[in-house]
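Here's the structure we're looking at; comments come further down.
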Amino acid sequence: MKLFTVGPVEMEQSILELGGKQPPYFRTEEFSSIMLNVNSLMKSLVFTDKSSKLAILTSSGTGAMEAAVLNVFSSLDKVLIINGGGFGQRFSEICERYNIPFEELILNFGEQINEDLLERYDNRGFSGMLVNIHETSTGQLYPINLIANFCKRNKMLLVVDAISSFLADPYYMDLNSIDVTIISSNKGLAVSPGLAFVLVNKKTYEKIQDNPKLTFYFDLQKHFIDLERGQTPYTPAISVVMQVHERLKQVDEIGIERYLDLIQKRACYFRKYIDPSKYEIPKFPLSNMLTPVICKGSNAGGIYRKLKNDLNIFVNPIGGALEEKLLRIGHVGSFTDKDLDVLIEELNQIESW
Ligand SMILES: *Cc1c(COP(=O)(O)O)cnc(C)c1O
């Protein structure tokens with residue numbers, strides 16, 4: 001089996017092995033020191049100050065989205081959501097569920113954010129912005145500079161879901177005035193599903209203290225405080241903590257810039273050699289995490305099934321209106337250049353099938 005999916009991705013042997021080991025008992029100094037190391041590595045890899053707070057949650061990424069929204073905002077806020085696909089839509093559904101007032105900036109497939117579009121939302125009383133910086137359902141990477149400037153001039157808190165961008169694209173939390181960062185374990189981070197992360201800067205940490213606590217398990221205040229001593233309020237997905245720790249150390253050792261270069265090279269290689277007579281790559285800015293390909297023959301579903309059933313190769317299909325149009329090819333994970341060549345060759349040969 002080869003996964004060219006967005007998550008889970010192909011994991012490295014050393015990481016896989018950690019998943020098969022007996023999880024240690026966790027209320028110990030030894031486990032605390034691992035958690036503290038995760039805390040500091042995570043902060044350094046998103047380029048945020050040590051005074052920022054991290055919560056390590058045992059949930060999928062959606063849990064961290066929900067936790068961030070619930071802890072940072074309340075019915076007294078009004079948030080703007082960039083809704084350019086499935087994950088933007090999820091933020092809207094979370095706000096709806098908890099009666100947090102919101103408006104959506106809806107982008108149809110292919111539409112991009114620009115200054116004119118954002119200006120329409122200036123001075124409209126928004127207190128926060130929710131954005132999936134890489135909208136994984138379409139592959140579009142939004143312009144963080146424009147978004148950050150918009151939030152700054154409107155004094156809005158900026159909450160960024162970086163789940164499919166962290167460890168695939170450059171990400172500078174403090175430099176881009178990002179107040180809250182959401183991450184999960186099984187996308188760019190390339191380990192098993194099971195952990196999600198919320199990082200908040202000092203300013204947001206203070207706001208959170210005054211906010212009503214509508215959730216027990218996801219009360220971030222408790223998580224932040226416990227992590228100061230390397231613990232979590234409840235049992236974490238211990239094996240996944242071990243994997244995340246190992247992964248962060250690996251990336252740190254290689255150096256984040258160099259690591260990101262490797263992912264970018266793969267993405268560029270794929271985009272260069274995929275046959276343009278059969279596949280169109282959208283014009284909007286792309287994350288290095290994946291390449292969306294528009295199948296000119298409107299046979300995306302057939303290609304997905306053929307790769308899966310005949311070759312045991314997995315790419316990401318998409319549901320809904322774009323089902324037969326779009327495939328997404330992931331670039332993060334432990335596969336070789338040869339594996340990538342096989343995928344490209346198979347995709348380019350599709351007519352002969
Ligand atoms: C995968 C993903 C999520 C979380 O999805 P889960 O199914 O809860 O893991 C959230 N946001 C983005 C942008 C994602 O790619």
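Here, each number is a calculation from the coordinates, and none is a lab measurement. Quick caveat: nothing in here was measured; it's all calculated off a predicted structure. Methodologically, a virtual Cβ is constructed for each residue, glycine included, from the backbone with ideal geometry; neighbour enumeration extends over all protein chains shown.
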Handout entry: Relative contact order for region 1-122, counting Cα pairs under 8 Å that sit 6 or more residues apart, in percent
Key = 15
Exercise for the section: For region 98-171, run through the trypsin sites (Lys or Arg not before Pro) and keep only the ones in DSSP coil with at most 16 other Cβ atoms within 10 Å of their Cβ. Expected result: Arg120, Arg124, Lys155
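Normalised radius of gyration for the chain, please: alpha carbon Rg relative to 2.2 N^0.38 Å, two decimal places.
Numbers: Rg = 20.2 Å, N = 353, 2.2 N^0.38 = 20.4 Å.
Relative to the 2.2 N^0.38 Å estimate, the chain comes out at 0.99.
Within 10 Å, count the other beta carbons around each residue, average over each peptide in 265-273, 219-227, and list them highest first.
On the way: 265-273: 15.9, 219-227: 18.9.
By packing density, highest mean first, the sequence is 219-227, 265-273.
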Fill in the blank from the handout: Among region 37-68, those whose backbone N falls under 14 Å of a label point 7 Å along Cα→Cβ from Glu228 are 51-55
Practice task
Report the calculated FRET efficiency for Asn145 and Asn37 (r = Cβ-Cβ distance, R0 = 30 Å), to the nearest 0.05.
Solution key: 0.40
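Which of the GluC sites (Glu not before Pro) found in region 32-138 are loop residues per DSSP with 16 or fewer other Cβ atoms within 10 Å of their Cβ? Before the final figure, lay out the partial values.
On the way: sites: Glu66, Glu93, Glu96, Glu103, Glu104, Glu111, Glu115, Glu119, Glu135; in loops: Glu111.
Passing sites in region 32-138 are Glu111.
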Fill in the blank from the handout: Taking the alpha-carbon centre of each part, the distance from region 197-270 to region 69-124 in Å is 23
Exercise for the section: When a/c is below 1.5 the answer is rounded, else prolate if a/b is larger than b/c, else oblate, so apply that to region 97-186 with a ≥ b ≥ c taken from the square roots of the Cα gyration tensor eigenvalues. Expected result: rounded
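If N is the number of residues in region 1-120, what value comes out of its Cα radius of gyration divided by 2.2 N^0.38 Å?
1.41
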Handout entry: Set Lys187/Lys325; Lys78/Lys213; Lys207/Lys249 screened for pairs whose C-alpha atoms are more than 20 Å apart
Key = Lys187/Lys325; Lys207/Lys249
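Give me Arg90, Arg258, Arg247 ranked fewest to most by other Cβ atoms within 10 Å of their Cβ, as a rough exposure proxy. Walk me through the numbers on the way to the answer.
Numbers: Arg90 20, Arg258 10, Arg247 23.
So the ranking, lowest neighbour count to highest, is Arg258, Arg90, Arg247.
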Handout entry: Listed peptides 236-245, 310-319, 197-206 by packing density, highest first (mean Cβ within 10 Å)
Key = 236-245, 197-206, 310-319
Handout entry: Relative contact order for the chain, counting Cα pairs under 8 Å that sit 6 or more residues apart, in percent
Key = 26
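Expressed as a rounded percentage, what relative contact order does region 129-173 have, with Cα pairs under 8 Å and six or more residues apart? Don't skip to the end; give the middle numbers.
Details: 40 pairs, mean separation 21.9, N = 45.
Over region 129-173, the number comes to 49 percent.
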Problem - Expected 222 nm ellipticity per residue - DSSP helices of 4 or more, -39500 (n - 2.57), all of the chain, to 500 - result: -12000 deg cm²/dmol
Fill in the blank from the handout: Measuring from its Cα centre, region 143-192 shows a charge dipole (+1 at each Lys and Arg Cβ, -1 at each Asp and Glu Cβ) which, in debye to the nearest 20, is 180
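Tell me the chymotrypsin sites (Phe, Trp or Tyr not before Pro) within region 1-104 that lie in a loop according to DSSP and have at most 13 other beta-carbon atoms within 10 Å. Please list the in-between numbers first.
Numbers: sites: Phe4, Tyr25, Phe26, Phe31, Phe47, Phe73, Phe87, Phe91, Tyr98, Phe102; in loops: Phe4, Tyr25, Phe26, Phe47, Phe73, Tyr98.
Listed in order of number, the matching sites are Tyr25.
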Completion exercise
When the charge dipole of the chain is computed with +1 on Lys and Arg Cβ and -1 on Asp and Glu Cβ about the Cα centre, the Cα farthest towards its positive end, among Val342, Gly230, Leu118, belongs to Gly230
Problem - Positive-pole candidate from Tyr259, Gln209, Ile163, dipole of region 143-263, charges at beta carbon - result: Gln209
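About its Cα centre, how strong a charge dipole does the chain have in debye, to the nearest 20, once Lys and Arg get +1 and Asp and Glu get -1 at the Cβ?
My answer is approximately 260 debye.
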Handout entry: Approximate spin-label separation Gln209-Asp116, in nm, with each point projected 7 Å along Cα-to-Cβ
Key = 4.6
Practice task
Return, for the Cα atoms of region 204-353, the radius of gyration and Dmax in Å, separated by a comma.
Solution key: 21.0, 63
Exercise for the section: Can you tell me the dipole magnitude for region 1-148 around its Cα centre, using point charges on the Cβ only (Lys, Arg +1; Asp, Glu -1), in Debye to the nearest 20? Expected result: 440
Problem - Length gained when the stretch Met1-Glu323 is fully extended (0.36 nm per residue, less Cα-Cα span) - result: 113.6 nm
Problem - Those aspartates and glutamates that a straight Cα-Cα span of less than 12 Å connects to Lys202, excepting residues fewer than 8 apart in one chain - result: Asp49, Asp174, Asp179
